[in-house]
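Heads up: the structure comes next, in structure tokens.
The values are calculated or read from the model by the stated rules, or taken from the named source; none is laboratory data. Only a predicted model underlies this, so the values are computations on that prediction, with no experimental measurement involved. All Cβ positions, glycine included, derive from the backbone under ideal geometry; neighbour counts span all protein chains shown. Surface accessibility is based on the protein's heavy atoms, side chains included, excluding ligands, DNA and RNA. Shrake-Rupley method; radii C 1.70, N 1.55, O 1.52, S 1.80 Å.
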Amino acid sequence: MKHIFTFLMLISALVANAAPGDTIRVTTHNDVFIETNPSVGSTDYFGWGNFPAVDAHKVLMHLSFRCPTGEDCGEWDYLNYIYLKRAGGVNGTSLDIELSRYITPYGLSYSSTWQGEWTLDVTDFAGLLRDSVEVQYRHTGYETNVGRGWVINLDFEIIEGTPIRNFEKVNKLWNGNFSYGFNDNPINSQLAPKQITMSPNTRSVRSYIVQTGHSFGDIENCAEFCPKERILRMDGTPYLQKLVWRDQCGENPNFPQAGTWLYDRSGWCPGDIAYPDFSDLNVEPSSSHTFTCEMQAYTNQGGSSPNYVIESFLFEYGAPNFNVDASVEEILAPTTKYYHSRFNPICGRPKVLIRNNGSTQLTSLVIQYGDKNGNKSSFTWTGNLGFLKTEEVTLPANVQWNESGIFEVIVSNPNGTTDEYALNNRMESEYIAPFELPESFVVNTYTNLFGNESSWRIEDKEGNIVANSSPMASSTEYRDTLTLPWGCYTFIFEDSDEDGLGWWANNDGSGFIRIRKANGSGFLKFWGTDFGSFIREDFTVGGVLSTPETMDLSSHAMIFPNPASESAILDVQLNQPEIVTLCVYSTDGRLVDARNFGKTDFVQENILKAEYPAGLYLADVQAGSFRKTIRWVVK
């Protein structure tokens with residue numbers, strides 16, 4: 001009891017000394033190992049957090065995943081839920097409110113060093129995250145729990161300060177699992193209208209909904225793989241009408257994965273948060289309104305049990321606390337954050353997210369930016385942002401970069417006047433330099449069976465195209481020699497079918513994309529083939545950054561798909577030609593296969609034999625001083 005009292009006194013002291021703009025971190029799950037329970041399909045992990053009793057300007061939730069030491073990552077794309085379980089201690093009020101939903105990646109092919117972190121703004125729940133709160137993490141799934149799982153961390157970042165608007169109340173709307181496409185139980189009958197009377201101080205509401213579709217098998221593959229329209233109405237008037245669909249899974253920064261990660265899905269992508277849709281509406285105090293949710297008509301043809309998992313709320317708020325307030329919400333580039341790794345690092349144009357937090361339309365904003373310890377550039381944004389609306393702003397490439405450093409952005413002078421809340425005007429991010437190439441180099445590509453889907457281009461720092469591919473034939477190698485002046489550039493390789501140059505779940509075959517030296521053998525840069533929609537990387541030529549003239553490029557070896565059933569492509573890419581050998585062993589140490597590919601810097605060959613029984617194998621790849629052992633599963 002003495003230790004608990006001391007801990008609570010420490011928390012109280014920290015809160016007492018906190019000031020507007022200060023950040024307080026609360027951790028509820030610290031290096032928690034999670035695994036499935038195949039007998040019941042879910043496991044729960046509970047944690048308590050002591051949240052400060054202060055006004056919060058913003059609350060961010062950070063969720064990190066990594067592979068457990070000595071074990072594999074989980075294999076399948078399973079639903080994970082984060083619930084606000086109870087508030088006010090062990091005898092407190094039961095809330096059972098879903099804070100977030102995450103779908104695990106197909107992680108069996110991940111190395112032991114893989115890890116990723118996701119951040120979600122949960123400020124709407126700030127009024128409930130007070131004092132002693134129990135947070136429940138639920139991991140679902142039926143895969144084996146022998147030798148695999150995940151390690152998670154979950155913490156909350158509370159930024160103290162004046163709220164954008166005062167929280168009044170939260171109302172549950174439609175929450176649960178709803179079957180879809182059955183005439184004897186139509187989903188629109190399950191989604192009953194909600195009559196809600198506002199609190200006396202309520203001036204606006206936020207309609208908030210997370211919806212993901214699951215199961216497939218009939219002709220439309222509902223509800224996981226079929227885009228269907230949803231209409232939300234207040235008093236019969238539509239306010240949010242859209243498809244329940246994520247159409248950019250091939251751009252997922254969490255790639256490559258072992259399964260069908262790049263297929264677009266109904267409201268989610270494997271290895272990512274299921275992000276909410278929301279809409280802000282003005283209402284009168286104490287007024288009553290009817291809210292409805294309507295799904296597009298659909299009849300299940302059999303073969304599946306389509307359903308939607310829905311969590312939705314109506315948050316009530318008072319009037320805005322500011323007339324004129326603009327904020328920088330996020331630095332999208334440059335940053336070292338995992339979630340933005342598809343577009344980082346950069347040497348050109350920074351990109352930031354701004355928001356209008358004032359009741360007055362935001363029409364102009366001064367943005368200063370650059371290295372924290374260097375000179376700042378200034379850009380005046382103009383536009384028309386309503387209350388709580390955001391916009392991504394691409395800034396001119398007027399930054400003097402270093403090898404690494406801190407990027408800083410400051411917004412000011414909204415609408416040519418004083419910002420009423422300056423504590424959200426500044427943000428910083430870590431950055432590192434992109435790779436460097438010599439003035440002359442070779443873009444070396446080999447197309448798969450659908451070469452017409454592939455194209456590449458190089459843009460300068462202003463976005464002008466300075467080089468690009470010609471139309472590509474199938475199963476053809478290209479070597480395009482380029483000479484570029486010193487400067488900052490962006491290399492972009494796109495696949496119009498959004499399934500990369502090599503992916504186990506199609507019949508497109510395999511190709512490659514890499515940068516070779518113009519003089520002599522060897523590579524300067526290469527990429528894997530299972531990249532989904534695109535590859536995008538900035539690079540420099542010449543002395544733009546203080547980086548070494550030569551690159552230390554690690555060699556690479558992988559097997560895909562993994563697990564494999566019909567084919568397994570061994571992909572080896574080396575800095576220089578070496579004699580490449582492969583030995584495949586069973587788990588009892590028996591040599592199953594041995595191959596010598598000769599002296600080469602590239603191998604891409606199917607190594608799966610029909611006589612391989614299902615099971616786990618160890619593939620030992622050697623090439624000079626390079627050696628890699630790959631855990632490989634045959635189904």
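Computed values, structure above
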{"read-out": "Condition broken by THR418, with the remaining ones in (1) touching a residue at least 12 places away in the same chain (Cβ under 8 Å); (2) open to solvent by less than 70 Å² (accessible area, probe 1.4 Å); (3) of a type outside the set (Asp, Glu) satisfied", "value": "(2)"}
{"read-out": "Flag if THR93 is closer than 23 Å to ASN166 by Cβ and without any contact (Cβ under 8 Å) to a residue 24 or more places away in the chain", "value": "yes"}
{"read-out": "Restricting the stretch 136-150 to residues that are assigned to a loop (DSSP other than H, G, I, E, B) and open to solvent by 20 Å² or more (accessible area, probe 1.4 Å), the residue that is nearest to GLY47 (Cα to Cα)", "value": "ASN145"}
{"read-out": "Qualifying strands (runs of 3 or more DSSP E) (wholly inside the stretch 460-503; at least 3 residues being open to solvent by 30 Å² or more (accessible area, probe 1.4 Å))", "value": "465-468, 477-483"}
{"read-out": "The stretch 293-305 - residue that is more than 14 Å from GLU229 (Cβ to Cβ) and out of contact with any Ser or Thr (no Cβ under 8 Å at 6 or more places or on another chain) and, of those, surrounded by the most Cβ atoms within 10 Å (Cβ to Cβ)", "value": "ASN300"}
{"read-out": "Test: residue in the stretch 194-211 that is under 30 Å from ALA505 (Cβ atoms) and either under 20 Å from the mean Cα position of the chain (by Cα) or open to solvent by 30 Å² or more (accessible area, probe 1.4 Å) (or both)", "value": "yes"}
{"read-out": "All positions within the stretch 344-391 that are over 26 Å from ALA319 (Cα atoms), open to solvent by 60 Å² or more (accessible area, probe 1.4 Å) and touching a residue at least 40 places away in the same chain (Cβ under 8 Å)", "value": "ARG349, LYS351, GLN368, LYS372"}
{"read-out": "Residue in the stretch 587-597 that is farthest from LEU618 (Cα to Cα), counting only those that are in contact (Cβ under 8 Å) with a residue 12 or more places away in the chain and either of a type in the set (D, E, K, R) or loosely packed, with under 15 Cβ neighbours inside 10 Å (or both)", "value": "ASN596"}
{"read-out": "Options LEU60, LEU99: the member that is part of a strand (DSSP E or B) and either at pLDDT below 95 or open to solvent by 10 Å² or more (accessible area, probe 1.4 Å) (or both)", "value": "LEU60"}
{"read-out": "Inter-residue pairs, beta-carbon under 8 Å, first under 19 Å from ALA518 (Cα atoms) and free of Cβ contacts under 8 Å to residues at least 12 places away in the same chain and in the stretch 561-580, second assigned to a strand (DSSP E or B) and of a type in the set (Ser, Thr, Tyr), 6+ apart", "value": "none"}
{"read-out": "The stretch 544-569: number of residues that are open to solvent by less than 50 Å² (accessible area, probe 1.4 Å), assigned to a loop (DSSP other than H, G, I, E, B) and either within 16 Å of GLN257 (Cα to Cα) or modelled with pLDDT under 60 (or both)", "value": "7"}
{"read-out": "Any hit, the stretch 143-160, residues being among the hydroxyl-bearing types (Ser, Thr, Tyr) and at pLDDT 95 or above", "value": "no"}
{"read-out": "Among the residues listed as VAL633, VAL584, VAL572, the single one being of a type outside the set (Ser, Thr, Tyr), within 23 Å of GLY107 (Cα to Cα), in contact with a Pro (Cβ under 6 Å, 6 or more places away or on another chain) and buried (at least 17 other Cβ atoms within 10 Å of the Cβ)", "value": "VAL633"}
{"read-out": "Considering residues of the stretch 63-78 that are open to solvent by less than 20 Å² (accessible area, probe 1.4 Å) and hydrophobic (A, V, I, L, M, F, W, C) only, the residue nearest to ILE273 (Cα to Cα)", "value": "LEU63"}
{"read-out": "Some residue of the stretch 427-437 being at pLDDT 95 or above, aromatic (Phe, Trp, Tyr) and either open to solvent by less than 60 Å² (accessible area, probe 1.4 Å) or under 29 Å from the mean Cα position of the chain (by Cα) (or both)", "value": "yes"}
{"read-out": "Any hit, the stretch 238-250, residues being in a strand (DSSP E or B), over 23 Å from the mean Cα position of the chain (by Cα), in contact (Cβ under 8 Å) with a residue 24 or more places away in the chain and closer than 27 Å to VAL205 by Cβ", "value": "yes"}
{"read-out": "Single match in ASN177, ASN153, ASN188, ASN171 (criterion: in a strand (DSSP E or B), touching a residue at least 24 places away in the same chain (Cβ under 8 Å) and open to solvent by 60 Å² or more (accessible area, probe 1.4 Å))", "value": "ASN177"}
{"read-out": "Filter result for SER440 (touching an Asp or Glu at 6+ places or on another chain (Cβ under 7 Å) and modelled with pLDDT of 95 or more)", "value": "no"}
